[in-house]
């Protein structure tokens, strides 16, 4: 049966020890960043989901389920999970036909690889109420043009690039309101940091040029909410859905001249649904669909064109990266070989958020991969403990510019590309 569990209730001493580890996980997350895959979001959360193409909305498998669908934790036993992902993106740009002397091929791989930890704890409090805590990192606007600055012909100096890092802290409560049907809610706490370097020439088009580039790390805090439903329709079929509000954040004060709304950088609204089917006893098939509304955040969704209508960087309705809303599809399967071994595979397809007309500024943030191929396995190691591993590869995708470099910057085209490989390991223990 999908979601079957054996329950033990109440907090015990070893649960308190598990929660104490959360502080260590949070400290580790504070220095992480990575190039993500569904735009600038991870293609999956939790090692088991990552091995299945990121599928998780209707198929909870570990403690990180709360970060995908808060209602689904009612189908998870008391447990703790600690994982780490090693992320290796390959990104860069090519400029051609530019009258200002920018032509050339540029590598944004001056910083690799990245380490991205995760932590989760789940505890059923009764037959119908379950609580959890999940902590995970994210980041997806990351480039380091160390060998050659794409904007050097304009007078830019030093290494060019940006670095966005985000930490999501998600306490969750879920209630099984009818047999097999649950509702969950997660207040989301956000810590995010950003820095930009080597883009000095654009500061002249800013409402606040002193707070545009080379200002070091700027930190902001925010909050939002995630709601979810999980239902076991039969022993073989489960469904789920979630809605995550915009996560409203403080402004990046040190970059008030770069981001619209004087440094605003909220996390966009997202929502999705999923289904899991067990056609035979040892095989589960699952699929998710998800929507991310990047256009709802001015700094991400606004195009560059307001700049040439007299609206400077950093202003209300100012220029941004021009990202479109995207839809993401994920499918995956797992096979239980025996009591101590489960193997997985999956595929995810993400729409590209960067239009061909917006590639120039997105030299700094080429989040354009679309296909994600994954595999993974879980091995039981005794005493309620297990190890889960996964690997993901997103082949190179290139977006060729079309009318991408405005004439004030010399015209021509900017082409951007990205490919990614990641692998990781998660330790889980029943409590």
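What list of whole percents do you get for P(r) of segment 259-316, with Cα-Cα distances grouped in 10 Å bins up to the one holding the largest distance? Final binned percentages: 20, 30, 18, 14, 11, 6, 0.
Summary value for segment 177-296: 22 percent relative contact order, contacts being C-alpha pairs under 8 angstrom separated by 6+ residues. The slack between residue 316 and residue 340, meaning 0.36 nm per residue of separation minus the straight C-alpha distance, is 3.0 nm.
The slack in the chain from residue 425 to residue 283, taken as 0.36 nm per residue of separation less the alpha-carbon distance, amounts to 48.9 nm.
As a proxy for reagent exposure, 40, 59, 409, 347 were ordered by neighbouring Cβ count within 10 angstrom, fewest first; the result is 347, 409, 40, 59.
When each of 290, 278 is scored by the number of other beta-carbon atoms lying within 10 Å, the sequence from fewest to most is 278, 290. Once both labels are positioned 7 Å from their Cα atoms along Cα-to-Cβ, the gap between residue 147 and residue 235 label points is 5.9 nm. Values (i) 30.5; (ii) 24.6; (iii) 22.0 are given for comparison; Kirkwood radius over Cα pairs in Å, derived from the coordinates here, is the one labelled (iii). Computed over the chain, relative contact order equals 18 percent, with contacts defined as Cα pairs under 8 Å that lie 6+ residues apart.
Taking other C-beta atoms within 10 angstrom as a stand-in for reagent exposure, 429, 73 fall in the order 429, 73, fewest first. Legend: calculated FRET efficiency, residue 210 to residue 128, from the Cβ-Cβ distance at R0 = 51 Å, rounded to 0.05, equals 0.35. For the residues 281, 232, 358, a GNM of the chain with alpha-carbon springs under 10 Å puts the largest fluctuation on 281.
Projecting label points 7 angstrom from Cα along Cα→Cβ for residue 185 and residue 86 puts them 4.2 nm apart.
Once the Cβ-Cβ distance of residue 111 and residue 391 is raised to the sixth power relative to R0 = 25 Å, the FRET efficiency obtained is 0.70. The angle separating the long axis of helix 13-29 from the principal Cα axis of greatest extent in the chain is about 10 degrees.
Computed from label points 7 Å out along Cα-Cβ, the spacing between residue 103 and residue 309 is 3.3 nm.
Rule-based calculations on the coordinates, nothing more; no lab input. It should be emphasised that the depicted structure is a prediction, and the values quoted were computed from it without experimental measurement. Counting neighbours? That spans all protein chains shown, and the Cβs are built from the backbone with ideal geometry, glycine included.
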